[in-house]
Amino acid sequence: MRYRSVTALLAASAAALAFAGTAGATDLEVTHWWTSGGEAAAVAELAKAFDATGNHWVDGAIAGSGDTARPIMVSRITGGDPMGATQFNHGRQAEELVEAGLMRNLDAVAAKENWKGVINPPSLLEGCMLDGHVYCVPVNIHAWQWLWLSNKAFADAGVAVPTNWDEFVAAAPALEKAGITPLAIGKQGWQERGLFNNLLLAIGGKDLYLKVYQDKDAEAAGGPEMAKVFKAADDARKMAKNSNVQDWNQATNLVITGKAGGQSMGDWAQGEFQVAGQVAGKDYSCLVGLGMPNAFITTGGDSFYFPKLADEEKSKAQEELASVMLSPKTQVAFNLKKGSMPVRGDVDLTTANDCMKKGLEVLKAGNVIKSTDELISPDTNTQFNDLMAEFFAKQDMSVEDAQKRFADIIGSAD
């Protein structure tokens, strides 16, 4: 879905600038889609840090995934009812709002606190910039490329915990024989598209990933190397055929309780394991890059944007919120709860668990690559979501047909 209508957005810009909230001058509504147990624990750290400045975080959580929340957020901003700050993923999701003049820049805060010097990798800050101005605060690095495994499930099935994707596929029959669903995944296109992209990077490799998503190479998308990725996706949908949950955290719970062998999901899943009191390496295992050679992680994650407001006190509070979100103390507290990695390269993470340390090692080695949110438009992402939802729902849909449709989408991607 595209949100740009030039006339409507310009009119909304004027309405947004005229807006002045009725709450206290330092009350700031912050909208986001963090509602699971682990997410709620993490967002509470941001709220606590902001409240400590003398301001007040007014929580605007929107239940459902980002796909549910983003249209609501965009509608409010373009409709002249902006919040004080709002979450988007790193990349192009707020691009049109910035172009329409509805978002304020954070140049003064960024310069004062040397964001260019402390944010790592630099591409995160670059993703917040347009025409040389900084428009958002990246708060974490969320890598999608993980396979979370239930140690109990594999023990109950009498097989060793896998060390890579291929071993996981090979163990599926034993899990099924023990009455355990091999692969847990929610029946939502964004989850299935995320799994597919994990397979693309792990099996197809960095070069193929960039040919497809950065270069928009339809020939590569329809070629023999991509066919291997679709074969792996076919294995995945067969392994997940008995996974009958909707939300990602419900799928994570199947792994936590040993009802499923594993889940390929971003590192935000780690927050659910922590809330459940599970210990990495003991109760569950984590394979970065699906355990495949030369693991890469994408620099996806979450950023906060700040709509333009007429109220000077609220505008000042916006700057204070931007500042505390990137403070070393908040970065550590928030990301340890969220399961993500901090965007600052100068913070102490000695208390990080084994899984986060694995991710940090990949990051330190420079094995990072831009996420699809940074490389393709929301429209194109939606088309992929729809294709993957259909592919996983219809076991009789051939991999050849799915790959052809995939290549067609790449060929017309913007």
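What the table below lists for this structure:
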read-out: Point-charge dipole on Cβ atoms (K/R +1, D/E -1) for segment 59-184, about Cα centre, debye to 20; value: 200
read-out: Added length on full extension, which subtracts the Cα-Cα distance from 0.36 nm per residue, residue 155 to residue 225; value: 21.8 nm
read-out: Listed residues 365, 100, 232, most fluctuating in the chain (Gaussian network, C-alpha, under 10 Å); value: 365
read-out: All-pairs alpha carbon distance profile, segment 18-134, 5 Å steps from 0, percent; value: 2, 10, 17, 20, 24, 20, 7, 1
read-out: Segment 156-225: translational diffusion in µm²/s, Stokes-Einstein, Kirkwood Rh over Cα pairs, 25 °C, 0.890 mPa s; value: 173
read-out: Compactness of segment 199-322 as Cα Rg over 2.2 N^0.38 Å, two decimals; value: 1.44
read-out: Reference-scaled alpha-carbon Rg (2.2 N^0.38 Å with N residues) for the chain; value: 0.97
read-out: Helix 354-364 axis, angle to the chain major axis (alpha carbon atoms, nearest 10°); value: 70
read-out: Label-point separation, residue 68 to residue 108 (7 Å along Cα→Cβ), nm; value: 3.8
read-out: Computed lengthening from residue 129 to residue 319, 0.36 nm per intervening residue step minus Cα-Cα distance; value: 66.7 nm
read-out: Over segment 147-283, relative contact order from alpha-carbon pairs under 8 Å, at least 6 apart, %; value: 40
read-out: Calculated FRET value between residue 250 and residue 414, using beta carbons and R₀ = 45 Å, to 0.05; value: 0.85
read-out: Environment charge of residue 112, counting only residues whose C-beta is closer than 13 Å and scoring Lys/Arg +1, Asp/Glu -1; value: -3
read-out: Estimated translational D of segment 366-414 in µm²/s (Stokes, Kirkwood radius over Cα pairs; 37 °C; 0.692 mPa s); value: 276
read-out: Nearest-ten-degree value, helix 224-239 long axis tilted from longest Cα axis of the chain; value: 80
read-out: Share of carbon and sulfur in the accessible heavy-atom surface of the chain [1.4 Å probe, %]; value: 51
read-out: DSSP bridge orientation in the chain - percent antiparallel, rounded to nearest 5; value: 60
read-out: Förster radius 51 Å - calculated FRET efficiency between residue 401 and residue 283 (Cβ-Cβ, nearest 0.05); value: 0.80
read-out: Stokes-Einstein D (µm²/s) once Rh is taken as the Kirkwood radius of segment 261-372 over alpha-carbon pairs, at 10 °C in 1.306 mPa s; value: 100
read-out: Cα-derived Rg over Rh, computed across segment 333-414 with Rh taken as Kirkwood radius; value: 1.15
read-out: Segment residue 44-residue 312, length gained on full extension (0.36 nm per residue, minus Cα span); value: 93.9 nm
read-out: Protection proxy ranking of 263-274, 145-156 - average other beta-carbon atoms within 10 Å, highest first; value: 263-274, 145-156
read-out: Total charge dipole magnitude, the chain, about the Cα centre, Cβ charges on Lys, Arg, Asp, Glu only, Debye to nearest 20; value: 640
read-out: Whole-Å distance, taken between Cα centres, linking segment 209-269 and segment 270-321; value: 20
read-out: Residues of segment 204-230 with amide N under 15 Å of a point placed 7 Å along Cα→Cβ from residue 367; value: 204-207
read-out: Over the chain, relative contact order from alpha-carbon pairs under 8 Å, at least 6 apart, %; value: 28
read-out: Residue (of 155, 356, 136) at the positive-pole extreme of the chain, dipole from beta-carbon charges; value: 155
read-out: Area projected by the alpha carbon convex hull of segment 117-168, averaged over all directions, nm²; value: 5.9
read-out: Of 354, 396, 235, the one that fluctuates the most in a GNM where the chain has Cα springs shorter than 10 Å; value: 396
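The values are calculated or read from the model by the stated rules, or taken from the named source; none is laboratory data. On a predicted model such as this, the values are computed, not experimentally measured, just so you know. Backbone-built Cβ (ideal geometry, glycine too); neighbour counts: all protein chains shown. The area values use the complete protein model at the heavy-atom level, side chains included, leaving out ligands, DNA and RNA. Shrake-Rupley method; radii C 1.70, N 1.55, O 1.52, S 1.80 Å.
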